[in-house]
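One structure is given here, and the rest of the page talks about it.
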Amino acid sequence: MSYNDNVICVENISKCYQIYNNPRDRLKQFFIPKFESLVGRESTQFYSEFWALQDINFEIKKGEAAGIIGRNGSGKSTLLQIITGTLTPTSGKVLTKGRIAALLELGSGFNPEFTGRENIYLNGAVLGLTKTEIDNKFDSIAGFADIGAHLDQPVKTYSSGMMVRLAFAVQVQLEPDILIVDEALAVGDALFQKRCFRQIEKLTSNGVTLLFVSHDQESVRTLTNKSILLDRGKQIMSGLSSEVLLEYRRLLHDEENKFYSNLTEEISERTNTETVLEITKSESISASNEDEQQETLRSDKLSFGEGEAVIDKVELFNIQNEKINVFNPGENIKIRVHFTVNQQIDKLNVGVRIRNKEGVKIYSWGTLNQDMFKLSNGEKDDLFWNKKFDKGQKHFVDLEFDCSLGSNLYEIQASVSYEETPDYFSQRILHWRDEAAFFHVHVLRDVYFFGGLTDLKMKAKW
């Protein structure tokens, strides 16, 4: 790296923390390895290593605005503390040129017992300004902070919003060469944030170098021209902010899909286990206690029914016939309902109801709906309602649709019912299951975006 061309150079920065299970291990680590080294033994390690950062490299030129993005725990704050000099790296080095103004943790650099006025002079002195220089800038700082009479009150009495107002006002009015901002502006109100962003843009246009950390992707896109993406302490990508933000959204999408897939599988496995236990329990009851068996089924919080047929499990598949629980709008969703028949029967209807996590019923449909449509068109062949099932027979029905749902977590309720007539007017529920399965719909903002419960497939014309 050429230091002459850059005001911040980060070279192979790594930071490792030693994690001890208890305080005694820390004491052992201090003495025992030294003793083992003296007697020629291999040193024992009483801690585990946690690498907050691993081999981070980038450079920022004078007047550039750079963003650092990543999920919580990716190492952003650790990196900023190393750049500002408040934290020492395990390996690597950081070179900076010029005065650094850093807005990191809320209230950092303030003495809580001092008033706001006293803290302005304290911070100015730390940054190397004389009292006269601070006097000349004091009115501008107080005017930007806009906290009125609270300026002469102890900082410990300030709200979080007042604290960040004063901190930001001090840092930007002292004309730094490098301004570092780490999420602190998030606690300010919308009007103050607007003033801050305008001031940041003014500083960068005057040649101040900006290092900006925020979860607000639009702020990063607006304020910076290059960005660095961190994930679990590793540098995933660096480059134009628009390209890095796209990769960041892909990363978030993959992580969200993984989370919801694990969540839905966990819930489905739990509910399937409960059903197996329920069926096992019901089969152990003698025929003479059939009324008692039905009462037990009805009282169960997740399922009820008369028992001539039972829902075994519900699975979800994509168009490639792969088991999956996370979908995007436009993709094909196949709901497979497995059921077992406990006595010879016909005139069955297998159906589902879909609800979102807020409990709103989105849709209900079953094999009888398709049979009714066929009958209305004069078709009488290949009706599910006409199928006859023998005792002990296991079967499944696939219900397919193209997803037009909005981003949400959805519950599938499944049922098998006896329909005396093919019109839903004379129905007996043989088995109903709440929480039979779950799936998540994730809208890809950069591909096909809409808001609300469902996609109305609107078109714009002009």
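The values are calculated or read from the model by the stated rules, or taken from the named source; none is laboratory data. What you are looking at is a predicted structure, and each value in this text was computed from that prediction instead of being measured. Virtual Cβ from ideal backbone geometry, glycine too; neighbours counted across all protein chains shown.
General observations
- Selected residue (only one of Leu368, Leu399, Leu375 is part of a helix (DSSP H, G or I), under 24 Å from Ala437 (Cβ atoms) and not acidic (Asp, Glu)): Leu368
- Among the residues making up segment 421-462, those that are closer than 21 Å to Tyr363 by Cα, out of contact with any Pro (no Cβ under 7 Å at 6 or more places or on another chain) and among the hydrophobic types (A, V, I, L, M, F, W, C) are Phe425, Ile429, Leu430, Trp432, Ala436, Ala437, Phe438, Phe439, Phe450, Leu453, Leu456, Met458.
- Identification of strands (runs of 3 or more DSSP E) wholly contained in segment 26-107 with 1 or more residues that are of a type in the set (S, T, N, Q) and surrounded by 17 or more Cβ atoms within 10 Å (Cβ to Cβ) yields 48-61, 91-96.
- Residue list for segment 388-397, restricted to those being under 46 Å from the mean Cα position of the chain (by Cα) and among the basic types (Lys, Arg): Lys394
- Within the set Lys156, Lys131, Lys76, Lys93, the sole residue that is closer than 23 Å to Phe212 by Cβ and more than 28 Å from the chain's Cα centre (by Cα) turns out to be Lys93.
- Contacts under 6 angstrom Cβ, first residue in segment 366-384 being assigned by TED's automatic domain parsing to the domain that holds His338 and within 14 Å of Glu420 (Cα to Cα), partner modelled with pLDDT of 90 or more and hydroxyl-bearing (Ser, Thr, Tyr), 6 or more apart: Phe384/Thr367
- Exclusive hit being free of Cβ contacts under 8 Å to residues at least 60 places away in the same chain and not in a helix (DSSP H, G or I), set Glu118, Glu133, Glu113: Glu113
- Tyr410 vs. criteria buried (at least 20 other Cβ atoms within 10 Å of the Cβ), of a type in the set (Ser, Thr, Tyr) and either modelled with pLDDT of 90 or more or not in a strand (DSSP E or B) (or both): yes
- Being over 20 Å from Leu211 (Cα atoms) and among the aromatic types (Phe, Trp, Tyr) is not true of Phe58.
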